[in-house]
Amino acid sequence: MAKSKRRRRMRWFAIALVGTLIMLMGAAWQFWSSRHVAQWQLLRSVVDADPVGPSSHEIQMLAWNLAILGRDHEVRTLDFFPQYDRGRLQVDPDRLELDPKPWRDALQTIAAKHRLVMIMEDHSVSKHREMIGATLPLFRDAGFTHYAAEAIGESTRSLSTRGFPSIETGVYTSDPQFGNVLRRATGLGFQILGYDFRPFSHEAREQYAAGRLAELFENNASTKLIVHAGFAHVYKHETDIGQRWLASLLWEKSGIEPFTIWQWSAMHENHEYRVVAKALSHSMDFREPVLLMPPPKFERGPANIPDVDAILVHPPDISVAPNQRTVLFPDEMDRISGRWLGSESPVIIAAYPQGEPISAIPLDQVMLREGEREFSLWVPGSAQPNIIVFDQHGRLESTTTRDHDGITIEPLQ
């Protein structure tokens, strides 16, 4: 009986955490969706962040900005809910029963069987976006026609007419990894659309989004949709406190059951991930994400396992900005090593496709703090990008010298 009560308390605690996080995201959506946020504004926001006692809302905003500016190792140290003490799972990783599947093989099988697949992202984890981008060719090969993302605020027509994502495209799309997802989706011929809206309440937001996406399936047997959504929007069953999320309502409105996928990465309070990742590291060469389908079950102890069909478990992240940054799929990217010779700090070093303006979303970028000089950038393909430097006030004029060791950037006097 005591064990059952403890589990119920943990479920309610997990729901409270999700609800708090969604409210924070809603407030941020209202703030960001009415503004076009450029790199120097994000940089200024990070510099101005309270390092002593930020609120949960401020911590969330700081995490998003740090992720967009390539400082993901700093995001991993943040405690998003310091007021809660979840404790740690008392579980032996070696006793977990896991059946990891290579993500490519598993997703090919899923794509062949389903018309509607929803993949979750944590808005402060850029590698979740990189992962979703990597799945798009598999879904396109399986006949998927539409890609929808919560964060897109502009119309499909304006995005396709311009030909590249910009600071006007949406909210989290300011992340270079998200921009690369959109470029990839465009190149693969997906119909791209957003489905969110600005006025925020939980019920109205979910109903609106579900209705808009369900319209894609009306009288169109060829539609196959991949949905890129944040957190609990991929829950397709009513929660213990009666909440219904996008996946649940989309299933109801379209009559098509979605296949839902969660992503797990190392974060400050994600103890379940750490236990599973340790077990996987003991049993396999765990250098790429794997799919757990169904999600793992713990023999004892409270566990916050999301109610989804499968979990993409990322390998432990060893990325450290600015020079020891990593990506999930290095064989598909070009690593550019560089050195900043200027005295200004902090600055952002950004790589843009040739011919795109600074209002575009860069291919990659990294923030350099005081005293940092060496950095690395990861860009898709092998084309030489245009390197641009920003400080808190805007673009800094600079020159870039390339040689066999990488690039050197020097400010113009």
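The values are calculated or read from the model by the stated rules, or taken from the named source; none is laboratory data. On a predicted model such as this, the values are computed, not experimentally measured, just so you know. Glycine gets a Cβ as well: all are built from the backbone with ideal geometry, and neighbour counts include every protein chain shown. Please note that ligands, DNA and RNA were not included when accessible areas were found on the heavy atoms of the full protein model with its side chains. Shrake-Rupley method; radii C 1.70, N 1.55, O 1.52, S 1.80 Å.
Data for the structure
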| item | result |
| --- | --- |
| Net charge contributed by nearby residues that have their C-beta within less than 10 Å of residue 117 (K/R +1, D/E -1) | +2 |
| Coordinate range along principal axes, alpha carbons of region 65-189, Å, largest first | 53, 36, 20 |
| Area of residue 318 that stays accessible when all protein chains are in place (1.4 Å probe, Å², to 10) | 130 Å² |
| Cα Rg, Dmax, region 205-357, angstrom units | 20.4, 61 |
| Fraction of alpha-carbon pairs over 16 Å apart in region 316-413 - percent | 54 percent |
| Radius 12 Å from Cβ of residue 216, net charge of other residues (Lys, Arg +1; Asp, Glu -1) | +2 |
| Relative contact order [Cα under 8 Å, 6+ residues apart], region 93-176, whole percent | 24 percent |
| Charge context of residue 188, other residues only, Cβ under 14 angstrom, K/R +1, D/E -1 | +3 |
| With all protein chains modelled, accessible area of residue 387 [1.4 Å, Å²] | 10 Å² |
| Relative contact order, percent, region 358-401 [alpha-carbon distance under 8 Å, six or more residues apart] | 24 percent |
| From phi via Karplus (6.51, -1.76, 1.60), per-residue ³J(HN,Hα) for region 97-112 in Hz, x at Gly/Pro | 9, 10, 10, x, 10, x, 4, 5, 4, 5, 6, 4, 5, 4, 5, 6 |
| Inter-site label distance for residue 331 and residue 99 at 7 Å from Cα along Cβ, in nm | 2.7 nm |
